[in-house]
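Okay, structure first, notes after.
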Amino acid sequence: MQNDRLAKGGRIDRTRPLRFTFNGRAYTGFAGDTLASALLANGVRLTARSFKYHRPRGIVGAGVEEPATMVELLGADASGNRPVTTVELREGLAARSVNCWPSPAVDLGAVAQLAARFIPAGFYYKTFKWPNWHLYEPSIRKAAGLAAAPKSPPVGGRYETRFAHADLLVAGAGPSGLMAALFAGRAGLRVMIADEGIEPGGALLSRRLSIGGRPALDWVAETVAELEAMGNVTLLRRATVWAYREHDYLLVTERAPDRTGLLERTWRVRAGHVITATGAIERGLVFGNNDRPGVMLASAVQSYVNRYGVAPGRRAVIFANNTSAYTVAADLAAAGIEVAAIIDSRSDVPAEARAAVPGLPIRAGYVVTTAHGGRSLRGVTVAPRDGGEAERLDCDLLAVSGGWNPAVHLFSQSRGTLRYDDSLASFLPGDAAQSTCAAGAAAGAMELEAALASGAAAGASVAGVMPPDTPTAPDLAYAVTPLWRVESARGKCFLDLQNDVTVEDVHLALREGYATVEHVKRYTTGGMGLDQGKTGNINITGTVALAQGVPMQAVGTTTFRAPYTPVSFGAVGGLRDGPLALPYRHTPLTAWNIAQGAVMYEAGARWRRPGYFPRPGEAMQDAIDREARAVREGVGVYDGSPLGTFEIKGRDAARFLDHIYTTVMSTLAPGAGRYGLMLSDDGLIFDDGVCFRLDAQRWIVSSSTGNADAVHRHMEMLLQTDLPDWSVFVTPVTAQWANATICGPKAREVLADLGTDIDLSPEAFPFMSLRDGMVAGLPARIVRVSFTGELSFEINVAPRHLPALWDRIMAAGAPHGILPVGSEANHVLRVEKGFLSLGHEVDGTVDPYDLGMGWAMSRKKPDYIGKRAVEIRRATGKMRHELVGIIPEPDVQIPEGAPLTPGGHRQASEGFVTACVKSVAQDRWVGLALVDDGHARHGEMAHVRLKGGKVIAVRITRPCHYDPDGERLRS
Amino acid sequence: MMLIPCPFCGPRTESEFAYGGPVRPPRPDPATTAEADWVGWLTEVPNPLGPVEERWCHLRGCGSWLTLWRDTRTHAIVGGPQDAE
Ligand SMILES: [Zn+2]
């Protein structure tokens, strides 16, 4: 029963009841309700338990400022930690409160309250620091945490991102934002105006005001209609501008746009100008037990009464330090709610405010010292501010107003400065850092007419037109005298309801030396919650200022950071989800590989490659053994297309290759190639590759697969910045050449059977040379390189020809037992040979000598990239990790990355295992390792120490476990 | 997300660019450079509080490398690239 629904009024549709559940109980609300207003209409006051002490909490606010009640949405809407005030009610909504189990009324965690005096600020840091916080964190999070993330993504919806450009972005469609958009729009600017609310109007939706002699909401409706009719204006509802980045780049997330099945759409907006018309946020007051359910922000009470037709209480007390609460009292009285008293901490109440509440009792110079009641408010104790007799007043609702903070969040995010304004007792936008200006209450224009004029002036200024006249709009003049806390308070006085931070906690932090507001924040966690202290931060600043006896400006604020309100991960990711997050690259053989039952992997740079080709029922290791053995003993073929390939042309191409590789390339004859290491300027290995000369000024160069993009960037940067006079052109041709590499002792026979016009004899076509010709009737370029240690022919063809070539190879190779070879077997073959692999042996810390490849460092060339740095480093003679082979004794597998420690003891490591494979040549596990002083230790034993303390002895060998003289690959 | 002026493509959003780091002095001649100077050239990277000259590559665009001055305090682009003006 909606017992607390007022008989009339509100912007709800009483003809459209909506059913929902909260903590398992069924209720009914109306279209136009939020979950908060519907709960209040149903008389639900206890809605949450607090984060640390599990104190009973209720609904405090009416919008994004809500600090106390977070809910978890269930079912299709599954999401965690939503402020109850921002959840739009809909049929079938299911929600529950976070922080309590099984319900806020029967909360087992509330026993924590008994221990509350033992949980001061910094308690967790101090108590759980040994051996480290992470040991305790999971159970603490569970006990005191917020809602868990949903287990699966929301069903039946998706997220998207759009980019937009606007001459003017207006954040907020309250009176000033609408005015700004209206005049900029009329002047022809491309305007985007975004408002976080369900409907535009901002604070006007909650008040009873007039503009130009007519109801203010009529003006809102007309203005919205005019804006929507303009082709140059985009009006976004339910759209929060939550980040203001550099160069006027803003992020706006729109919830449920257009009823298109989209859950959220994030706009990435580059704006010419930005007007922050973000309004103001009311702040709470700090007195004893100021967190009891029934203590609410006055503006929220006004919103529930006027906008939602809900009576949040039957007998109200107002506690304020400013005039705005008098309009709340007037609206309560008009709705038939008893106002027991207005407690005003100021001695002098302006006559205009008194006139707004005829007949209501006002206690000037009084404060509320404490609130009474547990799960619901039963009364308050009031006393003269300067001391005197206390008195108890019964009430079930306390509407508090500690004044207003202009919402400077976006302005501050843009790096604009803030200044403390004494008359408003708040921080205001100061100097803009970007093309930003604040308007309306966000700029300190606290009364309606001033807000309208401020918005119109801002819009006109951006449009470069004269500021227009704005209509009359009577409003109670705003006047405030700060009251940062009630010093005569009794009981816990909360500054941050969400994180349970009290005045005592701030005083403790100050005593312990956390002297600035940023340190206080981190020590107490005040202002760190989902609400980011929207209602309480200023009171923390005020409490610090009072304690230190310094002005507010000197204390300052903590940094305002994005997001302004919580943002879902889906809204950030947009469509970059699943396979779209990072699309795969495919060779022309992906379909064939999958048809053969290959287990597909990502193998560097997002290339999708076959890992191995298991036969039905065959274990992974058996399949890898079979493929590797085919290459060692017969013949195999693999798809080497992903290898980075570049064509390098120009008068200075040879000189350029000499500059970027360690070996001499310029002496090569056409058709011949050479291996080289590419170093960075600091003398560490960046990549390795093979350069083949095509003719005097043309080369074909390979890089490792995963590094191809980086190598390209490296070459382009050198040519464009350091060597602009060198005539060299680099063209990436990885995608222009696909290849099938036939390898194994029978590779030549298979290639001959395919049919080719190239003389394949070792004399005519030696190792490390390249020939163009026809293969299997296809134009091809054959390269004799070897990444397996066996006789290999890399047959390069146009990608469209690769499937045909592949089929011909499989057919021609069938009599020889040819097998397709996956990346796992390739890994075994290269480890057996001690060939290095980027990311394994080359990890950005090794130089060529460490790998036993000093032979690749040309002495003949006076200079090349990295040469000098290697010389300087080696001159120090310091011990280095050096590449060795390892043979585990006993014959067991060792995980890659396992550390080697001296004697296997629990000590600093002396190296690590880079690879360990089941060798088919040796028929045992063999590996490679980088180990201190490894080259001098061949034949010695070393020790791998695994997690848990298990030790495996390994014999150190040279890094090559197979055919050390390379006879087979040259054959 | 900055707006970076590419000399060929005009102002483009930062996500199209790759960062190339601050501009160092030209690579010295190793034959005539003392070891300490070489190490200095290698390891001393400009890192001012204020304008810094740095390189960006319009990677997801025309591919050109450009040099500009960025104020590290504000991200304001306070100079260059020359061809963009
Ligand atoms: Zn460009």
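Quick notes on this structure:
- When you filter the chymotrypsin sites (Phe, Trp or Tyr not before Pro) in segment A:491-549 for DSSP loop state and at most 14 other Cβ atoms inside 10 Å of their Cβ, nothing is left.
- Panel note: contact residues of segment A:855-874 (accessible area lowered by at least 30 Å² against the chain on its own; 1.4 Å probe) correspond to A:Asp863, A:Arg868, A:Ile872.
- Solvent-accessible surface of chain A, taken per residue with a 1.4 Å probe and all protein chains present: 40 Å².
- For the listed peptides A:33-45, A:210-222, a ranking on the average number of other beta carbons within 10 Å per residue, highest first, reads A:33-45, A:210-222.
- Along segment A:600-605 the Karplus relation, 6.51 cos²θ - 1.76 cosθ + 1.60 evaluated at θ = phi - 60°, assigns HN-Hα couplings of 8, 10, 8, 10, x, 6 Hz to successive residues, with x for each Gly and Pro.
- Label zone at A:Ala811, where the point sits 7 Å out along the Cα-to-Cβ direction: segment A:729-757 residues whose backbone N lies under 20 Å: A:739-743, A:747-757
- Histogrammed with a bin width of 10 Å, the alpha carbon distances of the protein assembly as shown distribute as 2, 9, 15, 17, 15, 13, 12, 10, 5, 2, 0, 0 percent, first bin at zero.
- For chain B, the relative contact order is 31 percent, taking Cα pairs closer than 8 Å that sit 6 or more residues apart in sequence and dividing their mean separation by the residue count.
- Applying 1/(1 + (r/R0)^6) with r as the Cβ-Cβ distance of A:Tyr584 and A:Thr731 and R0 = 35 angstrom yields a FRET efficiency of 0.90.
- Highest average packing first - A:950-958, A:451-459, Cβ atoms within 10 Å: A:451-459, A:950-958
- When the solvent-accessible area of the protein assembly as shown is split by element, carbon and sulfur atoms take up 54 percent of it, the probe being 1.4 Å.
- For A:Glu282, the amide hydrogen comes within under 5 Å of the amide hydrogens of A:Asn405, counting only partners 5 or more places away or on other chains and with H modelled in the peptide plane.
- Mean per-residue shielding of peptide B:17-29 is 2, counting Cβ atoms of other chains within 10 Å of each Cβ.
- Net charge in the neighbourhood of A:His273 (other residues with Cβ under 9 Å of its Cβ; Lys, Arg +1, Asp, Glu -1) is -2.
- Amide H contacts under 5 Å for A:Val842, placed H, 5+ residues apart: A:Ser837
- Bridging of A:Lys918 to lysines at a Cα separation below 30 Å is possible for A:Lys746, A:Lys833, A:Lys947, A:Lys950, once same-chain residues fewer than 8 apart are set aside.
- Chain B: Cys lacking any partner C-beta under 4.7 angstrom: B:Cys57, B:Cys62
- Only Cα pairs under 8 Å and 6+ residues apart enter the sum, and on that basis the relative contact order of segment A:284-402 stands at 35 percent.
- If the segment from A:Thr516 to A:Ala105 were pulled out straight at 0.36 nm per residue, it would be longer than the present Cα-Cα gap by 144.1 nm.
- MRE, 222 nm, helices only [DSSP H, n ≥ 4, -39500 (n - 2.57), over chain A, to nearest 500]: -6500 deg cm²/dmol
- In a fully extended conformation the segment linking A:Met528 and A:Thr667 would gain 43.5 nm over its present Cα-Cα distance, using 0.36 nm per residue.
- With a Förster radius of 41 Å applied to the beta-carbon distance between B:Asn47 and A:Arg906, the computed FRET efficiency rounds to 0.60.
- Label zone (A:Thr15, point 7 Å along Cα-to-C-beta; backbone nitrogen cut-off 20 Å) within segment A:275-312: A:308-309.
- Cα-projected label distance for A:Arg354 with A:Arg958, points at 7 Å along beta-carbon direction, nm: 10.4
- Inter-chain shielding of A:712-718 (mean C-beta neighbours from other protein chains, 10 Å cut-off): 3
- Global geometry of segment A:644-732, whether rounded, prolate or oblate, following the gyration tensor of its Cα atoms and the 1.5 cut on a/c: rounded
- Amide hydrogen proximity for A:Met600: with H placed 1.01 Å from N in the peptide plane, the residues at 5 or more positions away or on another chain lying under 5 Å are A:Gly611.
- Relative contact order computed over chain A (Cα-Cα under 8 Å; 6+ residues apart), in percent: 9
- Packing around the peptides A:433-440, A:291-298, A:234-241, taken as the average count of other Cβ atoms within 10 Å per residue, puts them in this order, highest first: A:291-298, A:433-440, A:234-241.
- Choice from B:Thr67, B:Thr32, B:Thr13 showing the highest fluctuation, given a GNM over chain B with Cα pairs closer than 10 Å: B:Thr32
- Spin-label model, A:Asn232 to A:Val892: label points 7 Å out along the Cα-to-beta-carbon direction sit 7.7 nm apart.
- Nitroxide proxy distance, nm - points 7 Å out along Cα→Cβ at A:His943 and A:Lys861: 4.4
The values are calculated or read from the model by the stated rules, or taken from the named source; none is laboratory data. None of these values were measured; they are calculated from a predicted model. Note: ideal-geometry Cβ built from the backbone for every residue, glycine included; neighbour counts use all protein chains shown. The accessibility values were calculated without ligands, DNA or RNA, using every heavy atom of the protein model including side chains. Shrake-Rupley method; radii C 1.70, N 1.55, O 1.52, S 1.80 Å.
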